[in-house]
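The values are calculated or read from the model by the stated rules, or taken from the named source; none is laboratory data. This structure is a prediction, so every number in the text was calculated from the model and none was measured. So basically every Cβ, Gly included, is an ideal-geometry build from the backbone, and we count neighbours across all protein chains shown. Calculation scope for accessible area: heavy atoms of the full protein, side chains included, ligands and nucleic acids excluded. Shrake-Rupley method; radii C 1.70, N 1.55, O 1.52, S 1.80 Å.
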Amino acid sequence: TDHPGMGSLVHSVELLAAGEMVAIFPEGGICRDRVVHPLKPGVARIALEVKTIKPDADIKILPVSISYNQPYPGWGSEATVNIGQGINVLDYQQNSLKRETVRLTKTLSDRLKLLHEDQSP
């Protein structure tokens with residue numbers, strides 16, 4: 001998760017360009033401390049890359065927060081799932097790819113933090 005292979009990134013772009021959905025943990029993995037950690041730029045980069053090669057693609061990022069009642073959930077554990085407002089990638093094409101990646105990643109981070117706050121005990 002620290003350095004995803006190029007093949008997995010290319011495959012994600014291909015899936016999205018074909019109209020499929022892709023689920024990605026933008027923090028780079030599962031975090032068990034109930035805090036939103038700094039996001040990796042991969043989600044934004046993949047989405048923006050699809051818009052570059054397929055401008056008519058309707059790409060949206062759907063922020064989802066999952067919280068369990070215990071750090072290592074097992075059978076019968078309780079989970080809370082909050083789904084936020086979709087982020088339209090079309091809104092992130094005014095500047096350079098690098099700037100838009102940073103901006104889109106920040107928007108996703110902000111939305112995830114809002115969702116996570118809604119799950120606080």
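Listed values, structure above:
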item	result
Sites excluded, trypsin sites (Lys or Arg not before Pro) in DSSP loops with at most 14 other C-beta within 10 Å, longest stretch of the chain	35-121
For the chain, convex hull of alpha carbons as volume per residue, Å³	117
Residue 75-residue 94 pseudo-label distance in nm [points 7 Å out on the Cα-to-Cβ vector]	5.4
Net charge of Cβ neighbours under 10 Å - reference residue 12; Lys, Arg +1; Asp, Glu -1	-2
The chain - accessible surface per residue (Å², probe 1.4 Å)	68
Helix-only CD estimate at 222 nm, as mean residue ellipticity for the chain, using -39500 (n - 2.57) per DSSP H run (n ≥ 4)	-12500 deg cm²/dmol
Summed side-chain charge close to residue 87 - residues other than residue 87 whose Cβ falls under 13 Å, Lys, Arg +1, Asp, Glu -1	+1
Under the span-like rule (Cα at least 27 Å along the axis, Kyte-Doolittle mean at least 0.5), DSSP H helices of the chain	none
Shape call, the stretch 66-110: gyration tensor on alpha carbons, a/c limit 1.5	prolate
Additional length obtainable on full extension of the chain from residue 85 to residue 31, 0.36 nm per residue less Cα span	17.2 nm
Low-density loop positions, GluC sites (Glu not before Pro), the stretch 1-75 - DSSP coil, at most 10 other Cβ in 10 Å	20
